[in-house]
Amino acid sequence: MHIFVTGATGWVGSAIVAELVGAGHSVSGLVRTTDKAPSLSAAGAQVILGSVDNHGTLRESVRAADAVIHTAFNHDFSKFHDGIAQD
Ligand SMILES: NC(=O)c1ccc[n+]([C@@H]2O[C@H](COP(=O)([O-])OP(=O)(O)OC[C@H]3O[C@@H](n4cnc5c(N)ncnc54)[C@H](OP(=O)(O)O)[C@@H]3O)[C@@H](O)[C@H]2O)c1
């Protein structure tokens, strides 16, 4: 099975990638910056460079996958209200 993992370099995502690769799955992982790419490659996953805001990249990666595991998450809540419509 080919599985696309967002947050693939995060605490949860990297553990999931290791489990999936170990179980024999083909894995692609979303990485925001090139400095994180080597560790994901070393884990045996294909690196997809981009963020969850790159909808074209996301669409393409999801289409190519049999399953998606979404663990990307931004813990910075300082701009939380910027993304919410205010009345
Ligand atoms: N850690 C726990 O104990 C725990 C327990 C239960 C549930 N969870 C949930 O599991 C999820 C992941 O948590 P975590 O602890 O693994 O967090 P984490 O270590 O901070 O990893 C988050 C990942 O998301 C990526 N990311 C953040 N914003 C992104 C964006 N805009 N586009 C693409 N990637 C983005 C980060 O990339 P960068 O490395 O580039 O920042 C990182 O790889 C969260 O929803 C969290 O609430 C975690």
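What list of ³J(HN,Hα) values in whole Hz, one per residue of segment 36-44 in order, does the Karplus curve 6.51 cos²θ - 1.76 cosθ + 1.60 (θ = phi - 60°) give from phi, with Gly and Pro shown as x?
Going residue by residue, I get 8, 4, x, 5, 6, 4, 4, 6, x Hz, with x marking Gly and Pro.
Using the heavy atoms of the protein chains and a 1.4 angstrom probe, tell me the accessible area per residue for the chain in square angstrom.
Details: 5920 Å² over 87 residues.
On a per-residue basis, 68 Å².
Expected output is a single nm value to one decimal: the length gained when fully extending between Glu19 and His70, i.e. 0.36 nm times separation in residues minus the C-alpha distance. What is it?
16.9 nm
What is the percent carbon and sulfur in the accessible area of the chain, measuring with a 1.4 Å probe over the protein chains and ignoring ligands? Mind dumping the intermediate values first?
Numbers: 3240 of 5920 Å².
Carbon with sulfur: 55 percent of the solvent-accessible area.
Relative to the first principal axis of the alpha-carbon coordinates of the chain, what is the inclination of helix 11-22, with its axis defined by its Cα atoms, in degrees from 0 to 90 and to the nearest 10?
On a 0 to 90 degree scale, this one is about 20.
For the full complex of protein chains and a 1.4 angstrom probe, list Ile3, Ile16 by accessible area with the highest value first.
Per-residue accessible area, sorted high to low, gives Ile16, Ile3.
Kindly state, to the nearest 0.05, the FRET efficiency for Ala42 paired with Arg63, given R0 = 25 Å and r defined as their beta-carbon distance. All intermediate terms of the calculation are to be shown ahead of the outcome.
Values: r = 26 Å, r/R0 = 1.05.
Calculated value: 0.45.
Can you tell me the dipole magnitude for the chain around its Cα centre, using point charges on the Cβ only (Lys, Arg +1; Asp, Glu -1), in Debye to the nearest 20?
Numbers: 5 positive and 8 negative charges, 40 e Å.
Around 200 debye, computed over the chain.
Bin width 10 Å, origin at 0, all Cα-Cα pairs of segment 1-78: what percent of pairs per bin?
21, 57, 20, 2
Report the trypsin sites (Lys or Arg not before Pro) located in the chain that are in a DSSP loop and have at most 14 other Cβ atoms inside 10 Å of their Cβ, or state none. Mind showing how you got there, number by number?
Values: sites: Arg32, Lys36, Arg59, Arg63, Lys79; in loops: Arg32, Lys79.
Taking the chain and a limit of 14 other Cβ atoms within 10 Å, the loop trypsin sites (Lys or Arg not before Pro) found are Lys79.
The values are calculated or read from the model by the stated rules, or taken from the named source; none is laboratory data. Note that the structure is a prediction, hence the values are computed from the model and not measured. Every residue, glycine among them, receives a Cβ derived from its backbone with ideal geometry; neighbour counts consider all protein chains shown. Quick note on the areas: whole protein, heavy atoms, side chains included, nothing else; ligands and nucleic acids left out. Shrake-Rupley method; radii C 1.70, N 1.55, O 1.52, S 1.80 Å.
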